[in-house]
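Quick notes on the structure that follows.
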Ligand code: GZL
């Protein structure tokens with residue numbers, strides 16, 4: 001009896017190991033084939049997943065890579081520049097056809113981009129930018145005109161102040177990641193737009209790092225320091241705005257009425273809050289850059305000229321218009 005059981009147990013374990021090897025082969029093959037049957041391979045280093053905007057951008061890049069039949073090695077840097085640099089080095093070692101990345105900050109890329117240039121791999125900047133003295137190391141930049149976004153926010157505020165016949169406008173700014181292109185240019189554009197309006201006073205600017213949790217912290221601190229002196233919150237992205245709004249309510253103020261709220265990005269969650277009246281203005285910053293990226297990858301590999309800067313069209317959504325016809329945002 002015992003011998004028969006042993007024989008039976010042996011044949012079961014042989015069958016299981018054959019199945020395990022077969023599974024391994026299929027799964028590895030599938031992964032390898034997913035890159036092998038593509039004409040081109042793009043290495044993309046993404047900043048992180050800090051916002052609905054960022055997640056929407058990643059999804060769009062993946063979707064369009066599929067649509068254009070371009071192989072994609074996508075690495076998430078989790079908000080660390082050193083992770084982006086390491087990823088770019090891996091792409092170089094892997095001899096991808098094109099490298100694309102969204103630089104978390106503007107400085108510190110010269111060495112790794114020089115390595116990419118020496119390896120003959122073109123680099124596309126997506127969304128954010130690097131400091132101008134390094135721009136000869138990249139093929140082009142595809143992304144928003146952040147300075148224009150800042151100006152649009154300032155121009156809206158001037159119209160709103162006129163509409164409310166405000167004599168003094170005290171503003172607090174919750175800024176994005178220190179030294180990032182959107183933070184620097186959204187601040188500069190906003191300040192330029194209000195520079196000649198004597199009613200406008202920026203009481204304080206704090207760094208919210210584009211994060212919801214930091215947006216809440218910043219708003220709490222600003223309310224403790226300035227309380228009912230605050231007329232306007234200018235926030236560099238929806239995540240920080242969505243973190244700030246509950247803090248405004250906890251302090252006993254009505255966002256959108258007692259305090260004017262101006263935000264940037266235009267993700268679905270923030271648009272819904274805009275429609276509820278708790279945000280007054282959202283300057284759109286579209287994350288849907290994948291189509292332009294993939295078309296540029298193909299042009300670069302075909303040796304075609306590409307424009308040095310490609311800006312997408314972007315709108316402003318505010319309480320000046322009918323908000324009911326805003327199409328679903330998709331991020
Ligand atoms: C803007 C992008 C910013 C978004 C934020 O193009 O770099 O980074 O505005 C995101 O939501 O964190």
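Computed from the coordinates by the stated procedures, all read-outs in this text should not be read as laboratory data. Every value quoted in this text rests on a predicted model; they were computed, and no experiment measured them. Neighbour counts run over all protein chains shown; Cβ positions are idealised from the backbone, glycine included.
Projected over all directions and averaged, the alpha-carbon convex hull of the stretch 192-331 occupies 10.7 nm².
The stretch 254-331 and the stretch 179-199 have their alpha-carbon centroids 18 Å apart.
A crude spin-label estimate for the pair residue 49 and residue 304, with each label 7 Å from Cα along the Cβ direction, gives 3.4 nm.
Neighbour counting of Cβ atoms within 10 Å sorts the residues 281, 140, fewest neighbours leading, into 140, 281. Modelled spin labels at residue 80 and residue 148, positioned 7 Å past Cα toward Cβ, are 3.6 nm from each other.
Any number yet on Rg/Rh for the chain, C-alpha, Kirkwood?
Numbers: Rg = 24.7 Å, Rh = 22.0 Å.
For the chain, the value is 1.13.
From least to most packed, judged by other beta carbons within 10 angstrom and beginning with the fewest, 148, 308 follow the order 308, 148.
For helix 212-226, what angle does its Cα long axis make with the longest principal axis of the chain, in degrees from 0 to 90 and rounded to 10? Around 20 degrees separate the two axes.
Computed over the stretch 289-331, the alpha-carbon pair-distance distribution with 10 angstrom bins reads 20, 36, 21, 18, 5, each value a whole percent.
Given 0.36 nm per residue, what is the gain on full extension from residue 258 to residue 203 after removing their alpha carbon distance, in nm?
Details: separation 55, 0.36 × 55 = 19.80 nm, distance 1.66 nm.
Length difference between fully extended and current span is 18.1 nm.
Ordered by the count of other Cβ atoms within 10 Å of each Cβ, fewest first, 253, 234, 147, 94 give 94, 253, 147, 234.
With angles folded into 0 to 90 degrees, how steeply does helix 81-93 sit against the dominant principal axis of the chain? Use alpha carbons for both and round to 10. Helix 81-93 sits roughly 40 degrees off the main axis of the chain.
Modelled spin-label separation between residue 166 and residue 229, with each label point placed 7 Å from Cα along the Cα-to-Cβ direction: 1.5 nm. Here the calculated FRET efficiency for residue 111 and residue 67, from their Cβ-Cβ distance with R0 = 45 Å, stands at 0.85, rounded to the nearest 0.05.
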